[in-house]
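The block underneath contains the structure these notes are about, expressed in structure tokens.
The values are calculated or read from the model by the stated rules, or taken from the named source; none is laboratory data. Quantities reported herein were computed from a predicted structural model and do not represent experimental measurements. Glycine also receives a Cβ, built like all others from the backbone with ideal geometry; neighbour counts cover every protein chain displayed. In case anyone asks, the SASA skips ligands and DNA or RNA and just uses the protein heavy atoms, side chains included. Shrake-Rupley method; radii C 1.70, N 1.55, O 1.52, S 1.80 Å.
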Amino acid sequence: MSAFNTTVPSLDCDDETLRGHLQGADIPTLLMTVAHLTGDLTILKPEWKPVVAMGVAGSGMTPETEAQVRAFCLQRLLAFRDSGRPAPGRPTSDQLHALGTWLMGPVIEPYLPLIAEEAVTAEEDLRTPRWHKDHVAPNRDFKVVIIGAGESGMIAALRFKQAGVPFVVYEKGSDVGGTWRENTYPGCRVDIHSFFYSFSFARHIWDDCFAPAPQVFAYMQAVARENGLYEHIQFNTEVSDAHWDEATQRWQLLCRNSDGQIRVDSNVVVFAVGQLNRPMIPAIPGIEQFEGPTFHSAQWDHSVDWSGKRVGVIGTGASATQFIPQLAKTAADLKVFARTTNWLLPTPDLHEKNSESCKWLLAHVPHYSLWNRVAMAMPQGVGFLEDVMVDVDYPPTEVAVSARNEQLRQDISAWMEPQFADRPDLRDVLVPDSPVGGKRIVRDNGTWISTLKRDNVSMIRQPIEAITPKGICCVDGTEHEFDLIVYGTGFHASKFLMPINITGRGGVALHEAWKGDDARAYLGMTVPEFPNMFCMYGPNTSLVVYSTIIQFSELTAKYIVDAVRLLLEGGHQSMEVKEPVFETYNQRIDQANLLRAWGFSKVNSWYKNSKGRVTQNFPFNAVEFWHRTHEVEPTDYHLS
């Protein structure tokens, strides 16, 4: 199975084969594909318009109407096949507008330039650099260092390679993939549909709707291998220090590998180290006393067998809701300790396989893969942002922050409540006492609630007082004895770029400037007094109600590569974001985050730092980030 699915196939099959596989086609994708191939936009009839719900565009048709649509599309596809005409190229702007507004209505119009970049073909990727160092600055000695070979480091590496800019990637681990290499806990999988949680230029034919971690890791390896990235990466090499040298106008880095310490320098440094890679173990008294095995979910000990054991789990975040159902299958007794609980996003196909017909259509029908991607990118690109925005006149409360937020709460509750109608005692542990969006929304297909209903599973809401040699003691004096304790307590997400020691112009220490966990950056990328330094997945770039981090990484990489173009074209040695630009941007970020459910609510979440400021989330829509990162505005920077 290739990692790539952007080459347009020819429709070369017999009638019955096509007829059979069309029974498994996604109706909106099928109609958009046929409209594009035939050039007949009248195919997009108003009565066939999809229904968008919970971020997914579905047909909303009766089975009889769906059968009529499939038969209609079969005849149009057979006529296209028999005509011998080649498949058209990328959709034109007008076609994309027509198909997008049919799918989503006028709300999609501002997003169309962003969506156009998702419609990649083998001939054209709009995010590929339109310049090359050989033409811009052929004789200049110039090098970029990228730190990290996860998904963001990989896309930065690819774009620099396409631009002909010399670069090297230092990765502390033994392979690419970042979080998908590191997290191996049972049940680990993506929580964005696989066809959208992938690079726009490397559409993949996935086995699962929401791919398990091993599939994602293998995909990352395939992308790195097929794009020739491995030869640019030095594995098992950790960067410990980065210092800006005023005299040379270059970054000096100290790295450690199996041979000891090495020193390297570069014109530009790109930190692509991620946010969710430093496990957080809670500071609970007695934590070292427990006599049994204990580990964090991100450091899963696969030598430990939990079958028939008494297991304690601390935390109910996104990872915990994936591995707890796996533990519950064979543990004798499982107790889950949680201060808060998460809203669930109904996702019926969370654990489903993609049908063989789906995979056949992606591989054999021209542009079906493209429109499958677009049909997901449009509704998920818009997402739920307006549903979590605070309406100060509503008025906002810890129940709901607006009328739209209340409607979303009711919709989710209507899906959840029938599942525990026979267990009313679970209401307090399943229905959050915070607004939807106050903390991370967790995808579920009914597995989470059914797990908590098991006889061998119980939820403990009492605060933990201490960990004892035998188990966990709560503040009410109850001691729960365990054979194994697992921490599903998240990561030090707000401590960006730790533990790397970074000093900028004038010897300014980055982590002192950020006061430990109060990181700020312009567009999540650049910081005053740190010239030629860029972050990927930096402060306030997390997306929790729309889009994907891969999409934002692609946009970030495009901006960083354009910044290097600016340096090379202008013969500049350095670029440093201006303080007023930085301050104004971050003031706006902070003000907007206070008017989102996650900033308004007092519920504990990883979105906030120790001071309660939201350091993680980007509070505006994807269109704004696209516009801000489409190209560098030179007046935002001091160029020298």
Members of the stretch 218-253 found to be aliphatic (A, V, I, L, M), open to solvent by 20 Å² or more (accessible area, probe 1.4 Å) and over 30 Å from Tyr197 (Cβ atoms), listed by number: Ala247
Phe534 over 24 Å from Ile441 (Cα atoms), open to solvent by less than 10 Å² (accessible area, probe 1.4 Å), assigned to a loop (DSSP other than H, G, I, E, B) and in contact (Cβ under 8 Å) with a residue 24 or more places away in the chain: no
Residues being surrounded by 19 or more Cβ atoms within 10 Å (Cβ to Cβ) and either out of contact with any strand residue (DSSP E or B) (no Cβ under 8 Å at 6 or more places or on another chain) or without any contact (Cβ under 8 Å) to a residue 60 or more places away in the chain (or both) - total across the stretch 392-404: 3
Subset of the stretch 552-594 [touching a residue at least 24 places away in the same chain (Cβ under 8 Å), more than 29 Å from Met154 (Cα to Cα) and acidic (Asp, Glu)]: Glu579, Asp590
Inter-residue pairs, beta-carbon under 6 Å, first closer than 21 Å to Met280 by Cβ and in the stretch 486-510, second among the acidic types (Asp, Glu) and open to solvent by less than 40 Å² (accessible area, probe 1.4 Å), 6+ apart: Ser494/Asp517; Lys495/Asp517
Strands (runs of 3 or more DSSP E) fully within the stretch 280-368 counting 3 or more residues that are in contact with a strand residue (DSSP E or B) (Cβ under 7 Å, 6 or more places away or on another chain) and not aliphatic (A, V, I, L, M): 294-296, 333-337
Within the stretch 70-184, helices (runs of 4 or more DSSP H) holding 2 or more residues that are small (Gly, Ala, Ser): 93-104, 151-162
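Select from the stretch 369-391 the residues that are of a type in the set (Phe, Trp, Tyr) and either in a helix (DSSP H, G or I) or open to solvent by less than 10 Å² (accessible area, probe 1.4 Å) (or both) and list them in ascending order.
Once the filter is applied, which keeps residues that are of a type in the set (Phe, Trp, Tyr) and either in a helix (DSSP H, G or I) or open to solvent by less than 10 Å² (accessible area, probe 1.4 Å) (or both), the stretch 369-391 yields only Trp371.
Which residue out of Thr7, Thr33, Thr38 is out of contact with any Phe, Trp or Tyr (no Cβ under 8 Å at 6 or more places or on another chain) and of a type in the set (Ser, Thr, Tyr)?
Sole residue among the options that is out of contact with any Phe, Trp or Tyr (no Cβ under 8 Å at 6 or more places or on another chain) and of a type in the set (Ser, Thr, Tyr): Thr7.
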Residue pairs meeting the criteria (Cβ under 6 Å; at least 6 apart or on separate chains; first at negative phi, in the stretch 70-96; second loosely packed, with under 13 Cβ neighbours inside 10 Å): Arg90/Glu124
Filtered residues of the stretch 111-132 (kept if over 20 Å from the mean Cα position of the chain (by Cα) and of a type in the set (Phe, Trp, Tyr)): Trp131
Filter result for Glu631 (in contact with an Asp or Glu (Cβ under 8 Å, 6 or more places away or on another chain), under 22 Å from Gly381 (Cα atoms) and surrounded by fewer than 15 Cβ atoms within 10 Å (Cβ to Cβ)): yes
For His132: the one exception among (1) within 23 Å of His630 (Cα to Cα); (2) modelled with pLDDT under 95; (3) not basic (Lys, Arg): (2)
Residue in the stretch 265-279 that is surrounded by fewer than 19 Cβ atoms within 10 Å (Cβ to Cβ), modelled with pLDDT of 95 or more and within 22 Å of Glu529 (Cα to Cα) present: yes
Filtered residues of the stretch 433-461 (kept if part of a strand (DSSP E or B), open to solvent by less than 20 Å² (accessible area, probe 1.4 Å) and under 29 Å from Val388 (Cα atoms)): Val442, Asp444
Of the criteria (1) within 12 Å of Val365 (Cα to Cα); (2) more than 33 Å from the chain's Cα centre (by Cα); (3) part of a helix (DSSP H, G or I), which one Thr65 fails: (1)
Search result, residues across the stretch 237-259 that are farther than 19 Å from Pro499 by Cβ, at pLDDT 95 or above and not polar (S, T, N, Q): Asp245, Glu246, Ala247, Arg250
Cβ-Cβ under 7 Å pairs, at least 6 apart or on other chains, the stretch 172-188 side under 20 Å from Asp208 (Cβ atoms), far side of a type in the set (Phe, Trp, Tyr) and surrounded by fewer than 21 Cβ atoms within 10 Å (Cβ to Cβ): Thr184/Trp300; Tyr185/Trp300; Tyr185/Phe323; Pro186/Phe323; Gly187/Phe323
Enumeration of residues in the stretch 500-516 that are in a loop (DSSP other than H, G, I, E, B) and either open to solvent by less than 10 Å² (accessible area, probe 1.4 Å) or out of contact with any helix residue (DSSP H, G or I) (no Cβ under 9 Å at 6 or more places or on another chain) (or both): Gly504, Val508, Trp514, Lys515, Gly516
Lone unmet requirement of (1) open to solvent by less than 20 Å² (accessible area, probe 1.4 Å); (2) among the aliphatic types (A, V, I, L, M); (3) within 30 Å of Val120 (Cβ to Cβ) for Met416: (3)
Filter result (among the polar types (S, T, N, Q) and open to solvent by 10 Å² or more (accessible area, probe 1.4 Å)) within the stretch 1-52: Ser2, Asn5, Thr6, Thr7, Ser10, Thr17, Gln23, Thr38, Thr42
Near pairs, Cβ below 6 angstrom, 6+ apart or cross-chain, from the stretch 457-475 (closer than 16 Å to Glu288 by Cβ) to any residue that is outside any strand (DSSP E or B) and aliphatic (A, V, I, L, M): Ile464/Ile284; Glu465/Val475; Ile467/Ile284; Ile467/Ile287
Odd one out for Ala519 among (1) open to solvent by less than 10 Å² (accessible area, probe 1.4 Å); (2) over 27 Å from Ile115 (Cβ atoms); (3) assigned to a strand (DSSP E or B): (3)
Lone unmet requirement of (1) open to solvent by 10 Å² or more (accessible area, probe 1.4 Å); (2) part of a loop (DSSP other than H, G, I, E, B) for Lys558: (2)
The stretch 462-491, residues that are part of a strand (DSSP E or B) and open to solvent by 60 Å² or more (accessible area, probe 1.4 Å): Glu465, Glu479, Glu481
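Given the residues Gln573, Gln616, Gln591, which is the only one that is within 29 Å of Trp244 (Cα to Cα) and surrounded by fewer than 22 Cβ atoms within 10 Å (Cβ to Cβ)?
When all the criteria are applied, what remains is Gln573.
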